[in-house]
Amino acid sequence: MNKLLHIPPPPISAESEGLQALINYTQVLDHHVQQRARTCQSMLPALAFAPDALTDTGPKYPIRAFSYLDELERDNDETPADENQLLDEVARYFRGAIRPQSRHSLFNMVPEPSVAATAAAWLATAYNTNSLMDAFGGEALLIEQQVARRIGRWAGWTHAMGIACNGGKLTLMYAIKSALSRVAPDSLRTGLPPDIVILCSEGAHYCVEHAASLLGLGSDNCLRVPANSEGRMCTEALRRTLNEQHACGRRVAAIICCGGTTINFNCEDTHEVREISQAFAQEHHLKQRPYLHLDSVIGWLYLSLPAADKHQISCPRIRARIAEVHHRLRDTSGFDSLGVDFHKNGLCPYASSFFIARERRFMDELGDGNYHYTDKDFQYGQFRAYRYTFENSRPSQGILAAWINLRKLGRYGYAAYLNRLHEARDALTHALERHGLFRVLNHASLGWEVVFEIPFESDVVALASTRQELAMNFMQECWERVDAGYDLPLFSVVPEYRIDNDPNAVTTAFFLYPMRQRSHYEWDETVALIATQFHLFQSRLRIEQKTLGQMQFENPIR
Ligand SMILES: *Cc1c(COP(=O)(O)O)cnc(C)c1O
């Protein structure tokens, strides 16, 4: 790290003295948070199989299970807290939180954000800016549009504008709402008519139905189109669904397309989808084709590498994956909007998502139906974002974080990061294969996750009612060690994983999400720690010879 970062400049104003006090106090808080985590750890018995598991803080701040309702009953002390109590409250807040800084944090797409972006976002917190309109937030609102314009350019749009928001789910809500307004312009003032549906792919994120429900469309009016073995919507099924809906008198407002997902990187062929939707509109003499949104909150990163520069990726396997994604995304320019999650793979802290649209008509479509944006809105002092945003007062940390990383890394810096993520996937896959116990299942994925199977032995399988139950119990045991505070790999499980998207090849799989490259030695160590826990789990079951209890297990979210 740059040494200069560690030498604070001398105070130049009362403000920077205030900031220094804030930094100092943050360090006091942090010291206590870290100390508390270490104290909890020091009370744990050492693990014979992993003597180093107490050397560093693990992938989670230690936590014990509790009941929300009991805790709420107990909490009625309203006297002012003293300094030590306050420190404890801050430490308590972090209990059970994932630490993306840990080498064992492999649970999901949660990277450690860059120092530059985090510091900038933190300054926006310290100075308490609000981006509801430019008269309050100043140039933050311009930078927000610069981020949108830039990513929009990667997608082939020349006049893109957008909205910074709190996560990928909101990008979907903005897209669906824009689509509803477009198909039923009166609905802004009079409410939704009952004949509207939206379509998405079978492999789309689980929150699309909830977004539809929150918008008053209703989750039943979000229809999933079956996907094929490549994880994209079946073209025949898409045509059929469009025609069926039309035949029963419903209007299809939008097709929400996958642009990369957490597992298997489901990604539509944008060209096919656009052609099908246009042909559908022509055939039935519709005023417009369904609104096309690309849920690229993950896949946006692939757009950072210009298609013409693929030769710069030296590993042929990685180049082929990126080329395939580029092929499927070759027609983003014909789409209406897309989503970006800078907190997932943009090295930014939360909340730094962007809804980005090809045209700025979303500003009217997301309004209350009583205002129309014109050029005069885009003069400094006149620009009001709250007319089209869900939030009124609006945090702006994500705007600065995203912009700082875009400027610091540049487009090619993000492309290099994408390449490194794929290198990490390949290195981790090789470590699993070197070890020999596990079977990697997702060679066909275009993403950088690693999905693998754990071979429970038949006498152990006989102790459970299903293999899935066994796998879930094993997962639970690994998670309990991490919750207690052990520094062991934090990974996850996919209950009904379809190998190569084949509905007839379903298994309970496990997955690891590498968010940075590590040495071969470190990956070997990670794999060995998972293997040892597996062996221990099997031997314990054999010794106890008791059948596993039926577990309450909600599918882990992805
Ligand atoms: C993560 C994700 C979402 C939801 O995003 P949040 O940032 O969690 O709100 C939606 N779609 C896809 C494909 C995702 O990966």
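Would it be correct to say that Y302 is farther than 29 Å from D375 by Cα, within 15 Å of the ligand (Cβ to nearest atom) and open to solvent by 50 Å² or more (accessible area, probe 1.4 Å)? Before the answer, list the steps.
Values: farther than 29 Å from D375 by Cα: yes; within 15 Å of the ligand (Cβ to nearest atom): yes; open to solvent by 50 Å² or more (accessible area, probe 1.4 Å): no.
The answer is no for Y302.
Please state which one of E268, E324, E275 is among the acidic types (D, E), farther than 24 Å from P113 by Cα, open to solvent by less than 50 Å² (accessible area, probe 1.4 Å) and more than 11 Å from the ligand (Cβ to nearest atom). It would help to see each step written out before you state the result.
Working: E324 fails: open to solvent by less than 50 Å² (accessible area, probe 1.4 Å); E275 fails: open to solvent by less than 50 Å² (accessible area, probe 1.4 Å).
Just one listed residue meets the conditions, E268.
In segment 253-273, which residues are under 20 Å from L180 (Cβ atoms) and touching a residue at least 60 places away in the same chain (Cβ under 8 Å)?
First pass over segment 253-273, keeping only residues under 20 Å from L180 (Cβ atoms): 253-257, 273.
Hits for segment 253-273 are A253, A254, I256, C257.
For segment 166-175, what are the residues that are in contact (Cβ under 8 Å) with a residue 60 or more places away in the chain and surrounded by fewer than 24 Cβ atoms within 10 Å (Cβ to Cβ)?
Let us first name the residues in segment 166-175 that are in contact (Cβ under 8 Å) with a residue 60 or more places away in the chain, namely 166-168, 170-175.
Result: N166, G167, G168, L170, M173.
Among the residues of segment 185-225 satisfying the criterion of being of a type in the set (G, A, S) and free of Cβ contacts under 8 Å to residues at least 24 places away in the same chain, which is surrounded by the fewest Cβ atoms within 10 Å (Cβ to Cβ)?
Filtering segment 185-225 for residues of a type in the set (G, A, S) gives 187, 191, 201, 203-204, 211-213, 216, 218-219.
Among the residues that remain, those that are also free of Cβ contacts under 8 Å to residues at least 24 places away in the same chain are: 187, 213, 218-219.
Details: S187: 19, S213: 15, G218: 14, S219: 12.
The qualifying residue surrounded by the fewest Cβ atoms within 10 Å (Cβ to Cβ) is S219.
Restricting to segment 337-369, name every residue that is open to solvent by less than 10 Å² (accessible area, probe 1.4 Å) and away from the ligand (no atom under 16 Å from the Cβ). Steps first, answer last, please.
First, the residues of segment 337-369 that are open to solvent by less than 10 Å² (accessible area, probe 1.4 Å): 337-342, 345-346, 348, 352-357, 362-363.
Once the filter is applied, which keeps residues that are open to solvent by less than 10 Å² (accessible area, probe 1.4 Å) and away from the ligand (no atom under 16 Å from the Cβ), segment 337-369 yields A357, F362, M363.
Within the set of pairs 6 or more residues apart or between chains, which connect a residue that is over 10 Å from A91 (Cα atoms) inside segment 26-38 to a residue that is at pLDDT 95 or above with Cβ atoms less than 8 Å apart?
If the second residue must be at pLDDT 95 or above, the pairs left are V28/L87; R38/T57.
Suppose we filter F342, F383 for residues that are modelled with pLDDT of 95 or more and touching a Ser or Thr at 6+ places or on another chain (Cβ under 6 Å); which single one remains? Can you show your working first?
Working: F383 fails: touching a Ser or Thr at 6+ places or on another chain (Cβ under 6 Å).
So the residue among F342, F383 that is modelled with pLDDT of 95 or more and touching a Ser or Thr at 6+ places or on another chain (Cβ under 6 Å) is F342.
The values are calculated or read from the model by the stated rules, or taken from the named source; none is laboratory data. Computed from a predicted model, the values in this text were never measured in an experiment. Please note: Cβ atoms are built from the backbone with ideal geometry, for glycine as well, and neighbour counts cover all protein chains shown. For the accessible areas, the whole protein counts, side chains as well, though only heavy atoms, and no ligand, DNA or RNA atoms are used. Shrake-Rupley method; radii C 1.70, N 1.55, O 1.52, S 1.80 Å.
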